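**Student:** Let me give you the structure first, and then I'll get to my questions.
No lab work stands behind these numbers, since they all come straight from the coordinates. The structure presented is a predicted model; accordingly, all values stated were derived computationally and were not measured. Cβ sites come from the backbone with ideal geometry, for glycine too, and all protein chains shown count toward neighbours.
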Amino acid sequence: MKPKLIRITTAPISMNIILKGQLAFMEQYFEVIGVTAYDEKHFNEVAARENIRMFEVNMRRTISPIQDLKSLWKLYRFIRKEKPEIVHTHTPKAGLLGMLAAKMAGVPVKLHTVAGMPLVETTGAKRQLLNFIEKLTYRCADKIYPNSKGLEDIIFENRFCKREKAKVIANGSSNGIDTDYFTPDSISERVAFNQQFREQNGIAQDDVVFCFVGRLCVEKGIAELVTAFRKLLAQNPGTPIKLLFVGPFEKENGALSQEMADAITSIPEIIYVGRHDDIRPYLSISDIFVFPSYREGFPNVVLQAGAMGLPCIVSNINGCNEIVKNGENGLIVDVKSSDAVFDAMQKLLHDTDLRNSLASKARENIVANYKRNIIWQALLTEYNFYIEQVKK
């Protein structure tokens, strides 16, 4: 009989997108059960694609005391009934409730992955509360897996746990990347899409296309990017350049100003296409990827752009500055600096040799360090180590 492994995320989209393929891989060695909130699309997709059993627990990302207690009780009863050898949580709320429930249920191995830390941008009483929640989560866990060296440093700086309790799996990233899926190799469908998209949006073959993929909100550095692009247009009149935005406008926390949102939809050289599940066609049209985010865990989209052979301009934050080596496979710029973003865009616009050199190293770096099998095998080794400890 295979040992039992329960994986928990707050939202089903996290399990469906961030852990894609990993659960099916682990199912070869464990009886895997996915626990997350329910929605018709992502919950059912995970069950079908990963071929695992799923269990619904409604968890909210925001602090919701009554709902959180209900979720904790439901998690505890389920975990106690299933008696897993390992409970492994992802995302903050699932981490807190899942680790508490697993501790209460006497689970022998309790693991938590840290893939981002919103509290970094928080101050005052809310910061103190979030610090307490983080420490409580880590105290209940047997091992903490920050998915980047930068996050590990933040954990130690804030004394959330002792050094021996935290470990970065492989080279970072929660799931690695499918480099066979994200590849610059042309396929007939993509060539046809490229031609049609270029015609529809007035993109000439000699246009240099900058691209951003992600939520359009303040903390992703969108204001800095738009400001830098406006300056690029002003200082390079007649130069064929475009800026492509792929992703939804954030309507709640960190929503852009109306002026900035209007600029994105009204400047002729900016092309906004909204959210798309498959971003490969848009990356294949692009020449340079720009990601001036304020904070990240380990940004999958930078891995994806790199795997597609794009040189990346990223902000100097954890995760980004681990994937990108400045001057080797991309450029690293100061956080919250539109001037720094402009300088990097200007440099890659005019220095074709540098752009091509960075692009040539981009995919090579991702394949060597972040191919998903590297991360899966390293995590499986961790699981097997703890299973052996349980047997003793």
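Residues checked against (1) out of contact with any strand residue (DSSP E or B) (no Cβ under 8 Å at 6 or more places or on another chain); (2) under 15 Å from ALA362 (Cβ atoms):
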| site | (1), (2) |
| --- | --- |
| ILE288 | no, yes |
| PRO292 | no, no |
| PHE298 | yes, no |
| LEU303 | no, yes |
| LEU310 | no, yes |
| GLY319 | yes, no |
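**Student:** Could you grab the pairs with beta carbons closer than 9 Å, sequence gap of 6+ or different chains, first residue in region 187-205 and of a type in the set (Lys, Arg), second one in a loop (DSSP other than H, G, I, E, B)?
**Tutor:** Sorted first by the residue in region 187-205, then by its partner, the pairs are ARG198/ALA204; ARG198/GLN205; ARG198/ASP207.
**Student:** Moving on to the next point. Quick check: is even one residue across region 147-170 more than 23 Å from ASN316 (Cβ to Cβ) and surrounded by 24 or more Cβ atoms within 10 Å (Cβ to Cβ)?
**Tutor:** Looking for residues that are more than 23 Å from ASN316 (Cβ to Cβ) and surrounded by 24 or more Cβ atoms within 10 Å (Cβ to Cβ), one finds none in region 147-170, hence no.
**Student:** Out of the residues in region 219-240 that are surrounded by fewer than 21 Cβ atoms within 10 Å (Cβ to Cβ) and either charged (D, E, K, R) or free of Cβ contacts under 8 Å to residues at least 40 places away in the same chain (or both), which is farthest from GLU121 (Cα to Cα)?
**Tutor:** The extreme case among them is GLY238.
**Student:** Where in region 250-358 are there strands (runs of 3 or more DSSP E), lying wholly inside it, with at least 2 residues that are surrounded by fewer than 21 Cβ atoms within 10 Å (Cβ to Cβ) and not charged (D, E, K, R)?
**Tutor:** In region 250-358, 270-272 are the strands (runs of 3 or more DSSP E) which contain 2 or more residues that are surrounded by fewer than 21 Cβ atoms within 10 Å (Cβ to Cβ) and not charged (D, E, K, R).
**Student:** Search region 12-69 for residues being of a type in the set (Phe, Trp, Tyr) and in contact with a Pro (Cβ under 6 Å, 6 or more places away or on another chain), and hand back the single one that is surrounded by the most Cβ atoms within 10 Å (Cβ to Cβ).
**Tutor:** PHE30
**Student:** Can I ask one more? Out of all the residues in region 237-281, which are acidic (Asp, Glu) and farther than 29 Å from GLY309 by Cα?
**Tutor:** Answer for region 237-281, where residues must be acidic (Asp, Glu) and farther than 29 Å from GLY309 by Cα: GLU252, GLU259, ASP262.
**Student:** Among the residues of region 179-205, count how many are surrounded by fewer than 16 Cβ atoms within 10 Å (Cβ to Cβ), in a loop (DSSP other than H, G, I, E, B) and not hydroxyl-bearing (Ser, Thr, Tyr).
**Tutor:** The number of residues fulfilling the criteria is 7.
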